[in-house]
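K.L.:
Sharing a structure, written as structure tokens. Questions coming.
The numbers here are math on the coordinates, done by the rules we state, and not lab data. Note that this is a predicted model, so its numbers are computed, not measured.
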Amino acid sequence: MYLKKIELKGFKSFADRTTIDLMQGLTCVVGPNGSGKSNITDAIRWVLGEQKVKTLRGAKMEDVIFNGTHRRSALGVAEVSLHFSNEDRRFPIDFSEIVLARRLYRSGESEYLINDAPCRLKDVRELFMDTGVGTEGYSLIGQGRIDSIISGSSEDRRMIFEEAAGIVKYKQKKREALKKLDNTELNLMRLEDLSMDLK
Ligand code: ATP
């Protein structure tokens with residue numbers, strides 16, 4: 001599994017459709033200050049489900065949409081897609097390529113798509129859980145992240161190892177199952193109360 005292509009349109013400084021092909025191995029992005037290098041990593045974070053506007057270096061989510069220049073008017077929609085090679089079936093989906101896309105309209109309407117099928121943010125998070133990819137995944141190391149890993153709590157560091165070991169998904173499923181059990185317990189108690197009333 002590796003990220004082989006990034007497509008951006010209307011995202012921050014990328015008004016026109018822009019395709020970035022990534023080879024296996026190391027890719028370096030170079031360019032003058034303010035040319036949009038960090039906007040590419042913002043785009044990756046965003047499509048993976050980033051909800052914190054501060055992390056995306058904006059004041060509101062709409063700031064990710066191209067807001068125009070003196071020569072060009074603003075656009076109404078931002079769209080980013082990530083193309084992952086899935087030859088090794090690391091993603092539990094029977095396709096050799098996974099395309100994850102996110103769109104945001106100025107109206108606030110937004111959507112996620114996995115291989116062109118609309119899905120929820122929860123589906124995106126589940127798909128990437130335990131792969132190391134994801135807004136909190138260890139494969140996205142932003143400026144200052146190394147410092148925060150070193151100086152963070154052992155609990156925070158443990159999260160990184162758990163993701164690498166592939167157990168985050170199961171911990172999440174366990175949490176969901178326990179919540180369901182709690183709800184069922186409450187329903188049973190309520191049922192008991194009702195049947196007592198009927199006696
Ligand atoms: P540096 O090397 O200084 O870190 P960089 O190459 O990483 O710079 P970015 O921070 O990615 O540059 O890009 C900043 C540019 O993106 C600025 O020129 C800014 O005006 C532009 N930009 C950010 N958001 C938008 C937007 N919504 N619409 C249009 N342009 C935007």
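K.L.:
Cross-link candidates for Lys180: which lysines have Cα within less than 28 Å, leaving aside residues fewer than 8 places away along the same chain?
P.N.:
Lys122, Lys169, Lys171
K.L.:
Starting from the Cα of Lys12, draw a straight line to each of the lysines and keep only those under 23 Å, dropping any in the same chain fewer than 8 residues away.
P.N.:
Lys4, Lys37, Lys52, Lys54, Lys60
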